[in-house]
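Peer 1: A single structure is presented below for examination.
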Amino acid sequence: MKRLETIDSMRGITMLSMILFHFCWDLKYIDGFTMDWYGTKATYLWQQSICWTFILIAGFCMHFARKPLKNGLVVFVCGFIVTVVTMIALPEAAVIFGVLTCIGSCMLLTGAIRLITGRLKNEPDGYLINPFWGFFTTVILFAVTKSINYGYLIFGPFMLNLPRFLYTQGGFEGMSHLELTYLGFMQDGFYSTDYFSLMPWMFLFLAGYYLYGILKNTFAHNLFHIKIPFFTWFGRHSLLVYMLHQPLLYLLSLLLLFVQSA
């Protein structure tokens, strides 16, 4: 199948938006720039637009992976590297259960399910249910669990508070507070500058996975083949860009700090 350049372009645009977002964070919290607008609701919406698009596309692109389990493991290991490096270099701003750890986990789980269901049903895409209903169901589950980190589920205008013992250390016998935080029950006192738990984000990832099945019969349309060279390059090399961008931004921030104090 011909490569979908539009998806690469969209991911590239999202990557550049993320780089700008992280650079603003560095300018405010490392260089001490006065940026009152950063940290407002508008900034939150900006951040959400980045992670929603990034994770949705990651799920969509699972269908292009020749070795999904291997790819998932690579992404997960990259997430672990980010955690170790930030805990050593910036312990006050460490990344624990960041977006790469989340996406790597989603890829591993989805890849395993795809492998099992694909063999059982002789279905190469490994869908558990019809793509339309899969997309509809996972979008609903994402909306319901979007606030699970904060102790409640959302059912339209109604809110269901979850038991507090899920969010206190040792909530389930035999499970540590880190394991519960990884699942989505963020424990009291936990802090990470980039936190993406398995719930709710696994559901958004799966929504992207099922979205592919809904749209695949339309991939010949020119809409899916919009190539914007600069953005497309970033989209095709998103993992490399992600791993390199923050160290480079950090060095740039330190250089600006040095120039300011000189």
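The values are calculated or read from the model by the stated rules, or taken from the named source; none is laboratory data. Note that the coordinates shown come from a computational prediction; the quantities given were computed from them, not determined experimentally. Cβ atoms come from the backbone with ideal geometry, glycine included; neighbour counts cover every protein chain shown.
Peer 1: Answer yes or no: is there a residue in the range 141-154 that is more than 23 Å from HIS177 (Cα to Cα), crowded, with 19+ Cβ neighbours inside 10 Å and modelled with pLDDT of 90 or more.
Peer 2: The answer is no, given that none of the residues of the range 141-154 is more than 23 Å from HIS177 (Cα to Cα), crowded, with 19+ Cβ neighbours inside 10 Å and modelled with pLDDT of 90 or more.
Peer 1: For THR138, are the conditions met, namely being at pLDDT 95 or above, crowded, with 20+ Cβ neighbours inside 10 Å and among the β-branched types (Val, Ile, Thr)?
Peer 2: Values: at pLDDT 95 or above: yes; crowded, with 20+ Cβ neighbours inside 10 Å: yes; among the β-branched types (Val, Ile, Thr): yes.
Yes; evaluated as a whole, the condition is true for this residue.
Peer 1: Still on this structure, please answer the following. Please work out which one of (1) touching a residue at least 12 places away in the same chain (Cβ under 8 Å); (2) more than 20 Å from the chain's Cα centre (by Cα); (3) not in a loop (DSSP other than H, G, I, E, B) is the condition ASP31 fails and give its number.
Peer 2: It is condition (3) that ASP31 fails.
Peer 1: Tally up the residues in the range 237-262 that are of a type in the set (Val, Ile, Thr) and either more than 21 Å from THR83 (Cα to Cα) or touching a strand residue (DSSP E or B) at 6+ places or on another chain (Cβ under 7 Å) (or both), please.
Peer 2: Within the range 237-262, the subset of a type in the set (Val, Ile, Thr) is 241, 259.
Now narrow it down to the ones that are either more than 21 Å from THR83 (Cα to Cα) or touching a strand residue (DSSP E or B) at 6+ places or on another chain (Cβ under 7 Å) (or both): 259.
Matching residues across the range 237-262 total 1.
Peer 1: So ILE148 passes all but one of these: (1) touching a Pro at 6+ places or on another chain (Cβ under 8 Å); (2) closer than 30 Å to MET87 by Cα; (3) in contact (Cβ under 8 Å) with a residue 60 or more places away in the chain. Which condition number does it fail?
Peer 2: Of (1) touching a Pro at 6+ places or on another chain (Cβ under 8 Å); (2) closer than 30 Å to MET87 by Cα; (3) in contact (Cβ under 8 Å) with a residue 60 or more places away in the chain, only one is false for ILE148: (3).
Peer 1: Here's something else I'd like to know. Could you check the range 34-60 and list, in sequence order, the residues that are small (Gly, Ala, Ser) and either touching a residue at least 40 places away in the same chain (Cβ under 8 Å) or on the phi < 0 side of the Ramachandran plot (or both)? Before the answer, list the steps.
Peer 2: Let us first name the residues in the range 34-60 that are small (Gly, Ala, Ser), namely 39, 42, 49, 58-59.
Those that are small (Gly, Ala, Ser) and either touching a residue at least 40 places away in the same chain (Cβ under 8 Å) or on the phi < 0 side of the Ramachandran plot (or both): ALA42, SER49, ALA58, GLY59.
Peer 1: Now for a separate question. Got a number for residues in the range 61-84 being free of Cβ contacts under 8 Å to residues at least 24 places away in the same chain and assigned to a helix (DSSP H, G or I)?
Peer 2: Of the residues in the range 61-84, the ones free of Cβ contacts under 8 Å to residues at least 24 places away in the same chain are 64, 66-67, 70, 80, 83-84.
When the remaining residues are screened for being assigned to a helix (DSSP H, G or I), the result is 64, 70, 80, 83-84.
Adding up the residues that qualify gives 5.
Peer 1: So in the range 223-260, with the set limited to residues that are aromatic (Phe, Trp, Tyr) and touching a residue at least 60 places away in the same chain (Cβ under 8 Å), which one is surrounded by the fewest Cβ atoms within 10 Å (Cβ to Cβ)?
Peer 2: Of the range 223-260, the ones aromatic (Phe, Trp, Tyr) are 224, 230-231, 233-234, 242, 250, 258.
Then drop every residue that is not touching a residue at least 60 places away in the same chain (Cβ under 8 Å), which leaves 224, 230-231, 233-234, 242, 250.
Details: PHE224: 16, PHE230: 11, PHE231: 20, TRP233: 13, PHE234: 22, TYR242: 22, TYR250: 17.
The qualifying residue surrounded by the fewest Cβ atoms within 10 Å (Cβ to Cβ) is PHE230.
Peer 1: Moving on to the next point. Mind listing just one residue for me: the one in the range 198-214 that is closer than 12 Å to PHE142 by Cα and not hydrophobic (A, V, I, L, M, F, W, C) and, of those, surrounded by the fewest Cβ atoms within 10 Å (Cβ to Cβ)?
Peer 2: Filtering first and then ranking leaves PRO200.
Peer 1: Here's a follow-up. Taking into account only those residues within the range 35-94 that are farther than 23 Å from GLY189 by Cβ and aromatic (Phe, Trp, Tyr), which is farthest from the chain's Cα centre (by Cα)? Quick ask: steps written out before the conclusion?
Peer 2: Residues of the range 35-94 that are farther than 23 Å from GLY189 by Cβ, as a first pass: 35-38, 40-43, 45-46, 48-78, 81.
Now drop any that are not aromatic (Phe, Trp, Tyr), which leaves 37-38, 46, 52, 54, 60, 64, 76.
On the way: TRP37: 24, TYR38: 21, TRP46: 14, TRP52: 7, PHE54: 6, PHE60: 13, PHE64: 18, PHE76: 12 Å.
Looking at residues that are farther than 23 Å from GLY189 by Cβ and aromatic (Phe, Trp, Tyr), I get TRP37.
Peer 1: Also, I was wondering about something else. Please return the ranges of helices (runs of 4 or more DSSP H) entirely within the range 129-217 where 1 or more residues are touching an Asp or Glu at 6+ places or on another chain (Cβ under 7 Å). Talk me through it step by step, then tell me what you get.
Peer 2: Working: elements: 131-145, 177-183, 198-215.
So the answer is 198-215.
Peer 1: Confirm whether ARG11 is under 18 Å from PHE205 (Cβ atoms) and among the charged types (D, E, K, R). It would help to see each step written out before you state the result.
Peer 2: Values: under 18 Å from PHE205 (Cβ atoms): yes; among the charged types (D, E, K, R): yes.
Yes.
Peer 1: Let me ask another. Considering only the range 31-89, state which residues are touching a helix residue (DSSP H, G or I) at 6+ places or on another chain (Cβ under 7 Å) and acidic (Asp, Glu).
Peer 2: Once the filter is applied, which keeps residues that are touching a helix residue (DSSP H, G or I) at 6+ places or on another chain (Cβ under 7 Å) and acidic (Asp, Glu), the range 31-89 yields only ASP31.
Peer 1: Can I ask one more? Within the range 213-262, count every residue that is among the β-branched types (Val, Ile, Thr) and either in contact with a Phe, Trp or Tyr (Cβ under 8 Å, 6 or more places away or on another chain) or within 24 Å of GLY104 (Cα to Cα) (or both).
Peer 2: Residues of the range 213-262 among the β-branched types (Val, Ile, Thr): 214, 218, 226, 228, 232, 241, 259.
With either in contact with a Phe, Trp or Tyr (Cβ under 8 Å, 6 or more places away or on another chain) or within 24 Å of GLY104 (Cα to Cα) (or both) added as a condition, the list becomes 214, 218, 232, 241.
Selection size over the range 213-262: 4.
Peer 1: Now for a different question. Kindly indicate whether THR193 is among the β-branched types (Val, Ile, Thr) and touching a residue at least 40 places away in the same chain (Cβ under 8 Å). Break it down into steps so the answer makes sense when it comes.
Peer 2: Numbers: among the β-branched types (Val, Ile, Thr): yes; touching a residue at least 40 places away in the same chain (Cβ under 8 Å): yes.
So THR193 fits the description; yes.
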